[in-house]
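The values are calculated or read from the model by the stated rules, or taken from the named source; none is laboratory data. All values derive from a computational prediction rather than experimental measurement. So basically every Cβ, Gly included, is an ideal-geometry build from the backbone, and we count neighbours across all protein chains shown. Side chains are part of the model used for accessible areas, which takes the heavy atoms of the whole protein and leaves out ligands, DNA and RNA. Shrake-Rupley method; radii C 1.70, N 1.55, O 1.52, S 1.80 Å.
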Amino acid sequence: DTGVSQDPRHKITKRGQNVTFRCDPISEHNRLYWYRQTLGQGPEFLTYFQNEAQLEKSRLLSDRFSAERPKGSFSTLEIQRTEQGDSAMYLCASSLGAALHEQYFGPGTRLTVT
Amino acid sequence: AQRVTQPEKLLSVFKGAPVELKCNYSYSGSPELFWYVQYSRQRLQLLLRHISRESIKGFTADLNKGETSFHLKKPFAQEEDSAMYYCALKEDTGRRALTFGSGTRLQVQP
């Protein structure tokens, strides 16, 4: 499978714990995006990387959230001190550098905070 | 701030009937508009974008700047069109983020 992959696919954690998700983009894609989707809503943008540089961050991304893309390949999204409101599907997408290239989405990581 | 509105959570039609999924947006510039689709147990994927002016799987969408709409249409629905459809907007500012609507579930009954 040469598409965007995400790991884990499901994560159940207790409130207050830290969690980390990983995204592996399509290999030649230099742009990587994180979105969050709650039940009944569309995806909401969280952050965007071009290569290893984090170029955009949403106001939704509180200081408990941090994302990295250290070598411009895979990315991690960490949530510290999880809250029940963090329960959602976390989606990763990647695209080529040219403006017209579409974003290809991964299968998502479903987080449940109990 | 930009906003995308999809007024219908669920649209149920019979096979062969015409389909129109509504999408309205609020944005002061010249956005790029997209339709994404998610079939059952599959990932979100691009269906079409307004600048391409294509027909994909029989679906078309026209950007109406006067009405700030980008409705998705298909003259004859098929059962395999049943899916979740999301309208999305990209600003003309150079930002890469997509702003999605809340989605419409299309159910095509036999």
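Remarks
- Scanning region B:9-46 for residues that are closer than 22 Å to residue A:35 by Cβ and among the acidic types (Asp, Glu) yields one hit, B:32.
- Some residue of region A:8-24 being out of contact with any strand residue (DSSP E or B) (no Cβ under 6 Å at 6 or more places or on another chain) and assigned to a strand (DSSP E or B): no
- Residue count for region B:56-83 under the criterion of being open to solvent by 30 Å² or more (accessible area, probe 1.4 Å) and either of a type in the set (A, V, I, L, M) or in contact with a Lys or Arg (Cβ under 9 Å, 6 or more places away or on another chain) (or both): the result is 12.
- Considering region B:50-61, the residues that are more than 16 Å from residue B:103 (Cβ to Cβ) and at pLDDT 90 or above include one that is nearest to the other protein chains (Cβ to nearest Cβ), namely B:57.
- Subset of region B:18-40 (residues that are open to solvent by less than 50 Å² (accessible area, probe 1.4 Å) and either closer than 16 Å to residue B:105 by Cβ or without any contact (Cβ under 8 Å) to a residue 24 or more places away in the chain (or both)): B:19, B:21, B:23, B:35, B:36, B:37, B:39
- Scanning region A:28-49 for residues that are open to solvent by 90 Å² or more (accessible area, probe 1.4 Å) and more than 19 Å from residue B:46 (Cβ to Cβ) yields one hit, A:39.
- The strands (runs of 3 or more DSSP E) located wholly in region A:57-114 that include 2 or more residues which are surrounded by fewer than 20 Cβ atoms within 10 Å (Cβ to Cβ) and out of contact with any helix residue (DSSP H, G or I) (no Cβ under 6 Å at 6 or more places or on another chain) occupy A:65-68, A:75-79, A:109-113.
- If only residues of region B:41-55 that are of a type in the set (Lys, Arg) and open to solvent by 30 Å² or more (accessible area, probe 1.4 Å) are counted, the one that is nearest to residue A:41 (Cα to Cα) is B:43.
- Scanning region B:92-110 for residues that are closer than 18 Å to residue B:49 by Cβ, assigned to a loop (DSSP other than H, G, I, E, B) and either within 10 Å of chain A (Cβ to nearest Cβ) or open to solvent by less than 30 Å² (accessible area, probe 1.4 Å) (or both) gives B:94, B:95, B:96, B:97, B:101, B:103.
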